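The values are calculated or read from the model by the stated rules, or taken from the named source; none is laboratory data. Not measured: the values here are computed from a predicted model. Virtual Cβ from ideal backbone geometry, glycine too; neighbours counted across all protein chains shown.
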Amino acid sequence: MRRSPQVIACVLLAALFACPLGAGQPPKQDRSWKHYENAQWGYCLSYPSRWSKGDAFDGAGIFFATGVKRFSKPLGEIDVGALPVTPADDSHPAPVSLVADFEAHLNGLKKFERAESVEILENREMQLAGKRALFTKDRYFDPQERATWVDEIIFTERHGAIYRLELECRADQVERFEPVFQMVASTFRFDCERRP
């Protein structure tokens, strides 16, 4: 059966209007980015400028969060900060352990976030800003919110401090927030004043 050009044109127009323009693009609040620099701890990164933000880790970091829309309830948050390693005593610094920091995170998650059914999905070494890093991904159920959440954390060490980048989002929002977290991690740098 041969279709007329008019029928083909109608089918193509119907398909065009059925697919909203901009489908597959990131939400508006994810498109514009700003630069953040922490001179005290010697690192910088870029973050979505339309997300709500604030200081974290007593000035050693930043957090930013957003929901479906700019001012809706947050469904995802990214925290970035530096944490000094507590010395074992006054004369000997404590050894830095990315694995120990991850274990402390899991313990804190269970204690403070009311996490149940914690499941480690991924745990691997990687590179962050030219340094050896540990990437972890876990999932847990929050009985108070009756929702499953996903945590992705990157730990690295430099000059006796642990640097951590963390994504926490609802499990049903991972596809939306994971690319943003990856972009933040890809912009993370040390010694930012030396950038070209």
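A compact table of results
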{"item": "Top-ranked residue in region 179-193 [being over 15 Å from M126 (Cβ atoms) and not basic (K, R); ranked as surrounded by the most Cβ atoms within 10 Å (Cβ to Cβ)]", "result": "V180"}
{"item": "Of all residues in region 159-178 being in contact with a Leu (Cβ under 6 Å, 6 or more places away or on another chain) and surrounded by fewer than 19 Cβ atoms within 10 Å (Cβ to Cβ), the one that is farthest from F141 (Cα to Cα)", "result": "Q173"}
{"item": "Residue count for region 153-175, restricted to those that are farther than 12 Å from A129 by Cβ and over 11 Å from the mean Cα position of the chain (by Cα)", "result": "10"}
{"item": "Options P87, P27; residue that is at pLDDT below 85 and either surrounded by fewer than 15 Cβ atoms within 10 Å (Cβ to Cβ) or over 25 Å from K137 (Cα atoms) (or both)", "result": "P87"}
{"item": "Matching option when the condition is under 14 Å from L165 (Cβ atoms) and out of contact with any Lys or Arg (no Cβ under 9 Å at 6 or more places or on another chain), among A39, A82, A60", "result": "A60"}
{"item": "So F181, is it within 9 Å of the chain's Cα centre (by Cα) and touching a residue at least 24 places away in the same chain (Cβ under 8 Å)", "result": "yes"}
{"item": "Top-ranked residue of region 48-72 - restricted to ones that are of a type in the set (F, W, Y) and under 22 Å from E157 (Cβ atoms), ranked as surrounded by the most Cβ atoms within 10 Å (Cβ to Cβ)", "result": "F63"}
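Yes/no matrix, rows are residues, columns are (1) in contact with a strand residue (DSSP E or B) (Cβ under 6 Å, 6 or more places away or on another chain); (2) among the basic types (K, R); (3) farther than 22 Å from P27 by Cα; (4) at pLDDT below 95:
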site: V118; (1), (2), (3), (4): yes, no, yes, yes
site: R124; (1), (2), (3), (4): yes, yes, yes, yes
site: R139; (1), (2), (3), (4): yes, yes, yes, yes
site: R164; (1), (2), (3), (4): yes, yes, yes, yes
site: R176; (1), (2), (3), (4): no, yes, no, yes
site: C192; (1), (2), (3), (4): yes, no, yes, yes
